[in-house]
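One structure is given below, encoded as structure tokens.
The values are calculated or read from the model by the stated rules, or taken from the named source; none is laboratory data. None of the values given here were measured: they were computed from a predicted structure. Cβ placement follows ideal geometry from the backbone for every residue including glycine, while neighbour counts extend to all protein chains displayed. SASA here: full protein model, heavy atoms, side chains in, ligands and nucleic acids out. Shrake-Rupley method; radii C 1.70, N 1.55, O 1.52, S 1.80 Å.
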Amino acid sequence: MVYFVGAGCGAADLITVRGMKLLQKADVIIYAGSLVNPELLDYAKEGCRIFNSATMTLEEVIAEMKAAEEKKLMTVRLHTGDQSIYGAVREQMDQLDELKIQYESCPGVSACFGAAASLNLEFTLPEVSQSLIITRMEGKTSVPEKESIQSFASHQATMAIYLSTGMLEELSGRLIEGGYEKTTPAALVYKATWPEEKKFLCTVETLAKTAKENGITKTALVLVGDVITHSNYAKSRLYAADFETEFRKIKK
């Protein structure tokens with residue numbers, strides 16, 4: 001059996017309880033060594049075989065999973081954050097399907113939620129934004145044309161932009177071209193929830209300047225939107241005295 005486990009966004013104790021228990025039971029762990037906190041490997045039992053997928057090809061990863069399965073061993077494939085976001089898991093699952101090897105997924109905390117926690121943000125403030133767009137700039141991996149930064153920026157919703165720290169000048173230009181004002185609040189969060197985390201508030205226009213001044217060149221998440229300054233929002237109707245729910249009557 002193979003378990004795809006989300007390692008969380010950085011801090012070792014932000015893995016789920018289920019994910020931790022799977023790590024403790026695993027006979028084989030294949031982890032994304034370039035991104036996953038190595039402290040998580042402390043959960044591994046004695047004798048567990050551990051592989052760093054940063055040095056492996058897809059074929060080599062699948063080969064280790066197959067070898068473990070033939071020995072009736074349990075494998076944990078440990079991905080950074082939540083593996084459903086930029087995790088490259090589908091291609092692994094499809095090959096496991098071909099080999100008739102069973103697998104399950106255990107979710108994790110993605111970087112945008114770790115960054116929100118570090119900044120004490122709510123992404124969906126009433127009358128400011130009720131949507132969160134998770135996206136990235138195209139780099140070595142392309143992005144469909146209909147999902148351009150400009151097209152998403154036109155919605156004026158909250159945005160969490162991954163894998164784009166090395167292209168911040170261009171990112172700012174595209175966000176402004178799409179409809180954000182230059183002064184729209186933004187945040188740059190380096191290694192959210194890790195001990196070495198750094199976080200900076202800025203604007204869409206000053207993203208690149210902020211990164212350069214603080215030596216941030218990679219492993220940072222960009223957040224954009226008026227929710228960052230948490231001003232001019234409406235209170236939730238859910239807790240209003242004149243709002244009736246299944247559990248609470250109107251209070252005069």
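Applying a threshold of 7 Å to beta carbon distances and a minimum spacing of six or more residues, or different chains, the list of pairs starting in segment 221-248 at a residue that is at negative phi and among the polar types (S, T, N, Q) and ending at one that is open to solvent by less than 70 Å² (accessible area, probe 1.4 Å) and at pLDDT 70 or above reads 229/185; 236/126.
Within segment 55-69, residues that are without any contact (Cβ under 8 Å) to a residue 24 or more places away in the chain and closer than 14 Å to residue 99 by Cα sit with their Cβ atoms under 9 Å from residues that are open to solvent by 40 Å² or more (accessible area, probe 1.4 Å) and assigned to a helix (DSSP H, G or I), at 6+ positions apart or across chains, in these pairs: 59/95. With respect to the numbered conditions (1) open to solvent by 90 Å² or more (accessible area, probe 1.4 Å); (2) within 19 Å of residue 122 (Cβ to Cβ); (3) not hydroxyl-bearing (Ser, Thr, Tyr), which one is the sole condition not fulfilled by residue 251? Residue 251 satisfies every listed condition except (2). Considering segment 9-34, the residues that are in contact (Cβ under 8 Å) with a residue 60 or more places away in the chain and outside any helix (DSSP H, G or I) include one that is farthest from residue 83 (Cα to Cα), namely 11.
For segment 39-80, a residue qualifies if it is open to solvent by less than 80 Å² (accessible area, probe 1.4 Å), in a helix (DSSP H, G or I) and over 17 Å from residue 21 (Cβ atoms), and the qualifying residues are 53, 54, 58, 61, 62, 63, 64, 65, 67, 68, 69.
Applying the condition of being over 21 Å from the mean Cα position of the chain (by Cα) and among the aromatic types (Phe, Trp, Tyr) to segment 190-241 and asking which residue is nearest to residue 175 (Cα to Cα) yields 233.
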